[in-house]
Structure formats: C-alpha cells, structure tokens
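Comments concern the structure below.
The values are calculated or read from the model by the stated rules, or taken from the named source; none is laboratory data. Nothing here was measured: the structure is a model prediction, and the numbers come from that model. Note that we place each Cβ from the backbone using ideal geometry, even for glycine, and neighbour counts take in every protein chain shown. Areas reflect the complete protein model, heavy atoms only, side chains present, ligands, DNA and RNA absent. Shrake-Rupley method; radii C 1.70, N 1.55, O 1.52, S 1.80 Å.
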Amino acid sequence: QVHLVESGGGLVQAGGSLRLSCAASGRTFSSYAMGWFRQAPGKEREFVAAISWSAYNTYYADSVKGRFTISRDNAKNTVYLQMNSLEPEDTAIYYCAASSTRVTSTERRYDYWGQGTQVTVSS
C-alpha cells in the first residue's frame, strides 16, 4: 500500500511558478514509478509527467515540455513537479500517482492516487 498526499497548489498569475510536492507513505516508495496527472473543469484527466523509480527516465506531455520538471527524492519519499511559465490553460486539479510497473503515461497502469491539489493560473 502507498498513501499519497499532494501539496503546493494555489493561485498564481500567468508566467509565474509553483512547485507541487507529493509525499508518499510506505517503505517501498523507491520501487514505484511516479506520475503527475491533471484534470481541468469539464475535461478528462490527462497525463502531465512521469519519472522512473531511479529517476533515470522522465516523460512529459507535449503541452508542458520545457516548462515543467518532475523529480523525486527517494530518501524523503517525495516526488515533485516544478511548474514554470504557467499559463491559464494549466489550471486544473493535479494528482500524483504511483505505478508498480515501469514508468508510463498510461493512467490505468497507476495503482495508487492522491486526492489532488488545485492549481489556478490567472491571466
């Protein structure tokens, strides 16, 4: 079992930055690939970024490539999402998730999910 808790969301102006954190419980955190997803009002949840258990591999949605950076600290059982140059279109609830399979952008391959944190970008 892995319990995930996101934090760091909030209201920011366009062009600003936020760093999301996802703290995980459990001693096996380092064996999970981790991902960030988001869901905007009226839209389906979509992939944002993912990182392998070793942090060697990272993947990003085209819409955030070059602006967002995913990272992890296995000693702290935490995964991060640094978001720069934020745009109003980034407004969404952001979820972190853990996958026992290899790093992936496929939502159904994630076994555990956090409750989400709201990010609002004003224009």
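How many residues, within the stretch 3-60, are on the phi > 0 side of the Ramachandran plot and free of Cβ contacts under 8 Å to residues at least 40 places away in the same chain?
2
Please report, ordered by residue number, the strands (runs of 3 or more DSSP E) entirely within the stretch 15-102 with at least 3 residues that are under 22 Å from V5 (Cβ atoms), at pLDDT below 95 and hydrophobic (A, V, I, L, M, F, W, C).
The strands (runs of 3 or more DSSP E) meeting that bar number zero.
Among the residues that make up the stretch 51-62, is at least one of them of a type in the set (D, E, K, R), within 30 Å of S123 (Cα to Cα) and touching a strand residue (DSSP E or B) at 6+ places or on another chain (Cβ under 6 Å)?
No, that holds for no residue.
Of all residues in the stretch 103-123, how many are in contact with a Ser or Thr (Cβ under 6 Å, 6 or more places away or on another chain) and more than 17 Å from H3 (Cα to Cα)?
Here the count works out to 3.
Scan the stretch 107-123 and report the pairs whose first residue is touching a residue at least 12 places away in the same chain (Cβ under 8 Å) and whose second residue is open to solvent by 80 Å² or more (accessible area, probe 1.4 Å) and of a type in the set (A, V, I, L, M, F, W, C), with Cβ atoms within less than 9 Å and a gap of 6+ or a chain change.
Q118/L11; V119/L11; T120/L11; V121/L11; S122/L11
Let's see how each residue does on (1) among the acidic types (D, E); (2) crowded, with 20+ Cβ neighbours inside 10 Å:
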position	(1), (2)
I51	no, yes
Y56	no, no
Y60	no, no
D73	yes, no
E89	yes, no
A97	no, yes
G116	no, no
S123	no, no
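Return the residues of the stretch 75-123 that are at positive phi and of a type in the set (S, T, Y); say none if nothing qualifies.
Selection gives S85 alone.
Taking the stretch 15-47 as the search range and keeping residues that are basic (K, R) and under 15 Å from the mean Cα position of the chain (by Cα), which one is surrounded by the most Cβ atoms within 10 Å (Cβ to Cβ)?
Looking at the filtered set, the residue picked out is R38.
Filter the stretch 1-14 down to residues that are under 18 Å from W113 (Cα atoms) and outside any loop (DSSP other than H, G, I, E, B) and give me whichever is least open to solvent (accessible area, probe 1.4 Å).
L4
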